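Participant: Got a structure for you, questions after.
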Amino acid sequence: MAKITFITSDNEKVTLEGASGSVMQLAVNNGVSGIDGDCGGVCSCATCHVFVAEKDLEKVGDASEIETDMLELADEANEFSRLCCQIEISEAIDGIELTVAK
Amino acid sequence: MSNTKTCVVIGASHAGVNFAFALRKEGWQGNIVLFDKDETIPYHRPPLSKKYLELEDSIQNNLLKPIESYEKDNITLSLGKVVSKIDKEAKTIELNDGTIQSYDVLVLATGARAFVPPIQGIQQAKNVFTLRNATDVANIRKAFHASEQKKIVVIGGGYIGLETAASLKKLGANVTVLEREERILARVTTPYLSTFFTKIHTDYGVHICVNKGVTEIKTNGNKNTVICADGSSYEADVIIIGVGIKVNTELASEVGIVINNGIEVDPTAKTSEEGVYAIGDCTYHYNKLYNAFVRLESVQNAVDQAKVAAANICGKPTVYNALPWFWSDQYDIKLQIVGLSQGFDNSVVRFEDENKFSIWYFKGDRLLAVDSINNAKSYVFGTKYIKANAILDKEKLANAESDLKTIVVN
Ligand SMILES: Cc1cc2nc3c(=O)[nH]c(=O)nc-3n(C[C@H](O)[C@H](O)[C@H](O)COP(=O)(O)OP(=O)(O)OC[C@H]3O[C@@H](n4cnc5c(N)ncnc54)[C@H](O)[C@@H]3O)c2cc1C
Ligand code: FES
């Protein structure tokens, strides 16, 4: 199990618990606003953009090449950006904090 | 209560569902009622022929929205209901069980259904399936597991046929794809990509056969024999039909709404009838960027048109001018397409390696579209350059060593 906190654009803080699947799926299944997941989680749409809290960067790990490239579609992307359909839920990411883009 | 307005949406898939949530977000105070004949909570369709089929996934992991979200946004989801008629004078729709529902605004998000060609013997044949919805996949899985030899014939080498072939191959099937044209993907892409995908499938052991117009299916017990115009024949335990779609325009055409290769809509997503909008696969619409009327079959179009309709209905004038994009996943190959290549007169291939390249389509110097294979960078830069109407140095572009950031001339 991993606890993941999302901070939405309306500054709402939601903490969810997940065991498996992607972080995008967890967010969509719990109606976290701002995470659409239009492509269903195959790194094709960039509608699941989040910023990882600096303290959690190491826990979350690096984006793949395709994800890094796709992030360039988002104007506001920076070094904390990830497409959260590409983050798998596991104990390793317990406690991370993600700010939803836009 | 009496002045509460009602927006009725026919079709609860990518277009209808995204529309309903967008309408609420835009501030619609009234009722929103979504009807769909499908009984399943609305789900993503693209995985059906890809991961969902291959990994034998559950639909619960592929929902567009969780059921609680509909409740939270006060959207009525009425599933397992077939809308049989529109009465535009009375502003009502009728379900096939006789129920009448009135509307103030009506949105047609009826999409399309799989086309079943009139092949001799197809009605009597065993285990013939199309692939458009979750029930189709459930039936395919069942027949696949029940079959001993796992011989699959896919009729039609378009995206859905090829994705299905790849997924079933990975599950251990013996797969043959029969394509009527002289190359697979003939309707949707250029020969270069057709050749590429033929090679990929062949390498994985899928038999790709072209110039194969299927004329007849003969069935003996559980065994089918698929017969082609050239006299060749193929045995099949399971037959998948992937020869394209038929747009669901009947409800609209019956009440005189203008149909033209789909339900014709203006740039605000409105049909020829006041108060009636149409979105998604069912629409024939104007694309401003390409100055052309098109009918698209893509998630992008369904989602973007849904948002445009929602904004207009809530009194925020908005026109549809999205840049089309699309993807297809087969084996470990990711195809991403941005733009519309129709009408191109020259192209540039940017080759990085055998399984990583992109094709850039131009009309004169104007960049129209990019097809990229395992190459999101080209897809992203293609998107930016089409939007910016950038003039590119084609020589630099063709050289995979050159940085895509440095290829703009103007
Ligand atoms: C197997 C498959 C793979 C695909 N892969 C991709 C991909 O990789 N990328 C991509 O961009 N697109 C892909 N697509 C296309 C994409 O799924 C469609 O563009 C999208 O589903 C269109 O959404 P829509 O809501 O307009 O129509 P649809 O999804 O067709 O939905 C229309 C809905 O209306 C309902 N309906 C119709 N008439 C009635 C009626 N009279 N009463 C009640 N309900 C009615 C239907 O039951 C249906 O649920 C794929 C499609 C399929 C089938
Ligand atoms: S859900 Fe589409 S890129 Fe993450």
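Participant: Kindly evaluate residue A:35 against the criterion of being crowded, with 22+ Cβ neighbours inside 10 Å and within 29 Å of residue B:297 (Cα to Cα). Reasoning before the result, please.
Facilitator: Details: crowded, with 22+ Cβ neighbours inside 10 Å: yes; within 29 Å of residue B:297 (Cα to Cα): yes.
Yes: the conditions hold for residue A:35.
Participant: Is there a residue in the range A:4-15 that is within 12 Å of the chain's Cα centre (by Cα), away from every other protein chain (no Cβ under 14 Å), modelled with pLDDT of 95 or more and away from ligand 2 (no atom under 16 Å from the Cβ)? Walk me through it before giving the result.
Facilitator: So the first thing to find is which residues in the range A:4-15 are within 12 Å of the chain's Cα centre (by Cα), and the list is A:4-8.
So of that shortlist, the ones also away from every other protein chain (no Cβ under 14 Å) come out as A:4-7.
Subsequent filtering for residues that are modelled with pLDDT of 95 or more retains A:4-7.
Filter again for away from ligand 2 (no atom under 16 Å from the Cβ), leaving A:5, A:7.
Yes, the range A:4-15 contains at least one residue that is within 12 Å of the chain's Cα centre (by Cα), away from every other protein chain (no Cβ under 14 Å), modelled with pLDDT of 95 or more and away from ligand 2 (no atom under 16 Å from the Cβ).
Participant: Okay, moving on. Looking at the structure I just gave you, is residue B:122 touching a residue at least 60 places away in the same chain (Cβ under 8 Å) and buried (at least 21 other Cβ atoms within 10 Å of the Cβ)?
Facilitator: Details: touching a residue at least 60 places away in the same chain (Cβ under 8 Å): yes; buried (at least 21 other Cβ atoms within 10 Å of the Cβ): no.
Taking the combined requirement at face value, the residue does not satisfy it.
Participant: Can you tell which of A:10, A:56, A:36, A:94 is under 26 Å from residue B:381 (Cβ atoms) and among the acidic types (Asp, Glu)?
Facilitator: A:36
Participant: Collect the residues in the range A:63-97 that are buried (at least 17 other Cβ atoms within 10 Å of the Cβ), of a type outside the set (Asp, Glu) and more than 10 Å from chain B (Cβ to nearest Cβ), keeping them in residue-number order.
Facilitator: Hits for the range A:63-97 are A:63, A:77, A:81, A:82, A:83, A:84, A:85, A:86, A:87, A:89, A:93, A:96.
Participant: Which strands (runs of 3 or more DSSP E) sit wholly inside the range B:61-127 and have at least 1 residues that are modelled with pLDDT of 95 or more, touching a Gly at 6+ places or on another chain (Cβ under 8 Å) and more than 30 Å from residue A:21 (Cβ to Cβ)?
Facilitator: Working: elements: B:75-79, B:83-87, B:92-95, B:100-102, B:105-108, B:112-114.
By residue number, B:105-108.
Participant: Could you please find all residues in the range B:97-110 being free of Cβ contacts under 8 Å to residues at least 60 places away in the same chain and among the small types (Gly, Ala, Ser)?
Facilitator: Within the range B:97-110, the subset free of Cβ contacts under 8 Å to residues at least 60 places away in the same chain is B:97-100.
Correct list: B:98 only.
Participant: Exactly one condition in (1) out of contact with any Leu (no Cβ under 9 Å at 6 or more places or on another chain); (2) touching a residue at least 12 places away in the same chain (Cβ under 8 Å); (3) among the acidic types (Asp, Glu) is false for residue A:62; which is it?
Facilitator: (2)
Participant: Could you please find all residues in the range B:248-270 being buried (at least 17 other Cβ atoms within 10 Å of the Cβ), more than 17 Å from residue B:9 (Cβ to Cβ) and of a type outside the set (Gly, Ala, Ser)?
Facilitator: Within the range B:248-270, B:259, B:264 meet the criteria.
Participant: Only residues that are of a type in the set (D, E, K, R), more than 16 Å from ligand 2 (Cβ to nearest atom) and part of a loop (DSSP other than H, G, I, E, B): list them for the range B:22-60, please. Steps first, answer last, please.
Facilitator: Step one: of the range B:22-60, the residues of a type in the set (D, E, K, R) are B:24-26, B:36-39, B:45, B:50-51, B:54, B:56-57.
Checking which are more than 16 Å from ligand 2 (Cβ to nearest atom) leaves us with B:24-26, B:36-39, B:54, B:56.
Once the filter is applied, which keeps residues that are of a type in the set (D, E, K, R), more than 16 Å from ligand 2 (Cβ to nearest atom) and part of a loop (DSSP other than H, G, I, E, B), the range B:22-60 yields B:26, B:37, B:38, B:39, B:56.
Participant: Here's another thing I want to ask about it. Within the range B:271-300, restricting attention to residues that are surrounded by 18 or more Cβ atoms within 10 Å (Cβ to Cβ) and either within 14 Å of another protein chain (Cβ to nearest Cβ) or of a type in the set (S, T, N, Q) (or both), which residue is nearest to ligand 1 (Cβ to nearest atom)?
Facilitator: Once the filter is applied, the top-ranked residue is B:280.
Participant: Let me ask something else. Given the criterion of a type in the set (Ser, Thr, Tyr) and within 21 Å of residue B:50 (Cα to Cα), identify the matching residue among B:164, B:225. Spell out how you get there, then give the answer.
Facilitator: Working: B:225 fails: within 21 Å of residue B:50 (Cα to Cα).
Of the residues listed, the single one that is of a type in the set (Ser, Thr, Tyr) and within 21 Å of residue B:50 (Cα to Cα) is B:164.
Participant: Could you list, in sequence order, the residues of the range A:20-52 that are under 22 Å from residue B:19 (Cα atoms), without any contact (Cβ under 8 Å) to a residue 60 or more places away in the chain and more than 11 Å from chain B (Cβ to nearest Cβ)?
Facilitator: A:48, A:49 - these are the residues of the range A:20-52 that are under 22 Å from residue B:19 (Cα atoms), without any contact (Cβ under 8 Å) to a residue 60 or more places away in the chain and more than 11 Å from chain B (Cβ to nearest Cβ).
Participant: Still on this structure, I have one more. I'd like to verify a number: residues in the range B:49-96 that are under 23 Å from residue B:21 (Cα atoms), more than 13 Å from chain A (Cβ to nearest Cβ) and without any contact (Cβ under 8 Å) to a residue 40 or more places away in the chain, how many?
Facilitator: Adding up the residues that qualify gives 1.
Participant: For the range B:360-404, which positions are surrounded by fewer than 21 Cβ atoms within 10 Å (Cβ to Cβ), under 14 Å from residue B:350 (Cβ atoms), more than 14 Å from chain A (Cβ to nearest Cβ) and over 27 Å from the mean Cα position of the chain (by Cα)?
Facilitator: B:393, B:394, B:395, B:396, B:398, B:399, B:400, B:401, B:402
Participant: Now for a different question. What residue, of B:228, B:314, is more than 23 Å from the chain's Cα centre (by Cα), surrounded by fewer than 21 Cβ atoms within 10 Å (Cβ to Cβ) and closer than 18 Å to residue B:156 by Cα? It would help to see each step written out before you state the result.
Facilitator: On the way: B:314 fails: closer than 18 Å to residue B:156 by Cα.
Among B:228, B:314, only B:228 is more than 23 Å from the chain's Cα centre (by Cα), surrounded by fewer than 21 Cβ atoms within 10 Å (Cβ to Cβ) and closer than 18 Å to residue B:156 by Cα.
Participant: For the range A:36-62, give me each residue that is within 20 Å of residue B:13 (Cα to Cα) and more than 8 Å from ligand 2 (Cβ to nearest atom).
Facilitator: Across the range A:36-62, there are no qualifying residues.
Participant: Another one. Take the residues of the range B:160-195 that are of a type in the set (Lys, Arg) and outside any loop (DSSP other than H, G, I, E, B): which is surrounded by the fewest Cβ atoms within 10 Å (Cβ to Cβ)? Spell out how you get there, then give the answer.
Facilitator: First, pick out the residues of the range B:160-195 that are of a type in the set (Lys, Arg): B:169-170, B:180, B:183, B:187.
Cutting the leftovers down to outside any loop (DSSP other than H, G, I, E, B) gives us B:169-170.
On the way: B:169: 19, B:170: 14.
It comes out as B:170.
Participant: Only one of B:10, B:59 is under 23 Å from the mean Cα position of the chain (by Cα), of a type in the set (A, V, I, L, M, F, W, C), within 15 Å of ligand 1 (Cβ to nearest atom) and more than 19 Å from residue B:311 (Cα to Cα). Can you tell me which?
Facilitator: Values: B:10 fails: more than 19 Å from residue B:311 (Cα to Cα).
Of B:10, B:59, the one residue that is under 23 Å from the mean Cα position of the chain (by Cα), of a type in the set (A, V, I, L, M, F, W, C), within 15 Å of ligand 1 (Cβ to nearest atom) and more than 19 Å from residue B:311 (Cα to Cα) is B:59.
The values are calculated or read from the model by the stated rules, or taken from the named source; none is laboratory data. In this text, all values refer to a predicted model and were calculated from it rather than measured experimentally. With ideal geometry, Cβ positions are generated from the backbone for all residues, glycine too; neighbour counts draw on all protein chains shown.
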